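The values are calculated or read from the model by the stated rules, or taken from the named source; none is laboratory data. Just so it is clear, the structure is predicted and the values come from calculations on it, not from any experiment. Every residue, glycine among them, receives a Cβ derived from its backbone with ideal geometry; neighbour counts consider all protein chains shown.
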């Protein structure tokens with residue numbers, strides 16, 4: 001039985017992988033995302049500078065090869081190549097961690113609401129509606145008001161804590177339809193309890209749409225984080241994130257446009273690539289739509 | 001229509017109440033107070049400060065007092081802007097923020113709908129591809145990137161418009177912020193309009209209208225436009241939330257004296273009463289706009305009223 005399940009799952013995933021390979025925008029995007037991630041991981045070790053070291057001999061210099069400030073420096077003489085890559089690390093990390101948090105809450109919430117149904121469902125989804133009616137950023141701002149700012153873990157918890165609403169809705173819809181399928185009824189008849197059915201039968205069958213939406217959640221989370229850091233509510237100095245770098249760059253546009261253009265360029269490329277990747281995955285995992 | 005409106009308004013009040021209560025509880029139950037960061041404050045002084053702002057009372061009393069204040073339109077004193085009440089700060093900034101938001105939404109409709117319709121009418125031509133490409137970029141580019149770039153190009157290189165600042169009654173100062181704020185909304189509206197226009201143009205009633213020999217312009221204006229606006233109208237609710245959020249950034253980028261910076265400053269300073277006041281104002285604003293969008297929708301599409 002296990003074997004048959006594995007083969008079917010393998011078939012589905014192999015199919016999806018094949019379709020994804022034919023999606024040119026998605027494959028190119030995936031390659032770019034991987035390249036950027038790799039660059040963020042190993043890039044800083046090639047530079048002689050650290051993300052917080054000050055080089056008073058080269059303050060606010062434009063990008064050049066001679067002094068190893070490949071992307072120039074900021075007002076304090078900090079190397080922008082290293083800072084941008086460090087910012088990328090933080091942005092990517094927060095994108096992944098916050099997505100994981102929102103995945104955990106959203107899938108649990110949606111699966112329970114959809115499968116248990118009735119009063120529970122109504123109450124749980126009404127809570128989602130209320131949270132939905134507030135701009136998400138307010139909830140993050142409340143959370144950032146009460147917790148110590150600058151703690152990266154609080155930041156991705158806070159962002160993940162607001163990102164799960166759509167996921168919960170999608171999962172609930174899927175769980176509602178799965179509930180009436182024969183294999184779930186068979187499990188009920190066989191005496192499997194509600195938690196067992198959720199873990200063994202509902203959640204594993206949700207993976208397709210969940211993967212697609214999670215991929216589309218990552219750029220959103222990166223965007224939220226940059227947004228907060230831009231406003232000064234996110235990552236704090238001397239750490240950098242793409243948002244805080246853009247903020248510093250925006251103040252220098254008159255004299256040093258590269259300070260804005262470099263982090264902004266990375267952010268935009270990252271966001272666009274993740275979105276294409278999500279679209280490609282959707283087409284690959286859900287061929288019925290096309 | 002009236003019954004629908006009343007039903008819709010009835011759901012608004014509890015939601016607002018939940019928002020007020022929840023944010024009150026979260027903020028008051030959190031560790032740390034607004035006077036924590038002031039170094040080596042003698043305990044007696046801190047106790048006096050807490051007493052002056054009513055922070056030494058039991059939570060229930062504080063909550064009731066806050067609600068009573070709200071009923072009178074009072075948000076309490078700001079903890080950090082010492083000489084101002086939260087109400088005064090909001091009254092100062094709100095006209096600027098409202099003007100900005102309204103301009104952005106209007107701009108999004110006035111520019112986005114025709115662009116989307118044009119793309120649909122010229123489907124699969126260079127015009128269509130161009131508009132769709134711009135829309136993808138408009139959605140992907142965050143406002144804190146677009147704003148500085150626009151300021152750089154139009155403010156510094158071309159020197160056409162002021163880079164930042166605000167002079168009452170001078171629309172020049174509003175143009176760049178409003179465009180920045182509305183760009184993603186324009187893109188989204190154009191996309192929605194294009195998709196629904198394409199669908200409506202294939203509908204039976206359009207074929208009938210054309211078969212009867214009605215002029216093309218009249219077919220588009222009288223028969224195609226209204227049904228294809230429905231998705232746009234239902235997007236107006238989320239669009240308001242988007243504009244409210246975006247205005248925080250745009251006000252920061254362009255140095256506008258709106259309410260957005262109070263929310264940000266309040267969060268940085270842990271100014272509880274200011275953050276709460278802003279959340280309540282923005283929350284009710286968003287709910288109100290959602291309501292207006294829903295009513296508009298039900299007016300355009302009578303089917304939803306009888307759901």
message: Looking at the structure I just gave you, is residue A:184 in a helix (DSSP H, G or I), free of Cβ contacts under 8 Å to residues at least 60 places away in the same chain, away from chain B (no Cβ under 12 Å) and farther than 30 Å from residue A:267 by Cα?
response: yes
message: Scan the range A:268-282 and tell me whether some residue there is within 7 Å of chain B (Cβ to nearest Cβ), more than 16 Å from the chain's Cα centre (by Cα) and buried (at least 22 other Cβ atoms within 10 Å of the Cβ).
response: no
- prompt: Hey, does the range A:157-179 have a residue that's assigned to a loop (DSSP other than H, G, I, E, B) and either within 14 Å of another protein chain (Cβ to nearest Cβ) or more than 22 Å from residue A:281 (Cβ to Cβ) (or both)?
  reply: no
- request: Would you be able to tell me the number of residues in the range B:247-272 that are out of contact with any helix residue (DSSP H, G or I) (no Cβ under 8 Å at 6 or more places or on another chain) and more than 10 Å from chain A (Cβ to nearest Cβ)?
  value: 1
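Within the range B:273-283, is even one residue modelled with pLDDT under 80 and in contact with a helix residue (DSSP H, G or I) (Cβ under 8 Å, 6 or more places away or on another chain)?
Within the range B:273-283, the subset modelled with pLDDT under 80 is B:273.
Keeping just the survivors that are in contact with a helix residue (DSSP H, G or I) (Cβ under 8 Å, 6 or more places away or on another chain) gives B:273.
Yes, there is a match, as at least one residue in the range B:273-283 is modelled with pLDDT under 80 and in contact with a helix residue (DSSP H, G or I) (Cβ under 8 Å, 6 or more places away or on another chain).
Restricting to the range B:81-93, count the residues that are in a helix (DSSP H, G or I) and either surrounded by fewer than 17 Cβ atoms within 10 Å (Cβ to Cβ) or modelled with pLDDT of 85 or more (or both). Quick ask: steps written out before the conclusion?
Step one: filter the range B:81-93 for residues in a helix (DSSP H, G or I), giving B:86-93.
Now drop any that are not either surrounded by fewer than 17 Cβ atoms within 10 Å (Cβ to Cβ) or modelled with pLDDT of 85 or more (or both), which leaves B:88, B:91-92.
So the answer is 3.
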message: Please list, ordered by residue number, the helices (runs of 4 or more DSSP H) wholly in the range B:172-279 having 3 or more residues that are more than 25 Å from residue B:131 (Cα to Cα) and touching a residue at least 24 places away in the same chain (Cβ under 8 Å).
response: B:225-254, B:260-269
- request: Scan the range A:214-258 residue by residue and report those that are farther than 22 Å from residue B:138 by Cβ, more than 10 Å from chain B (Cβ to nearest Cβ) and part of a helix (DSSP H, G or I).
  value: A:214, A:244, A:245, A:248, A:258
- prompt: Are any of the residues in the range B:134-147 out of contact with any helix residue (DSSP H, G or I) (no Cβ under 6 Å at 6 or more places or on another chain), within 30 Å of residue A:228 (Cα to Cα) and more than 10 Å from chain A (Cβ to nearest Cβ)?
  reply: yes
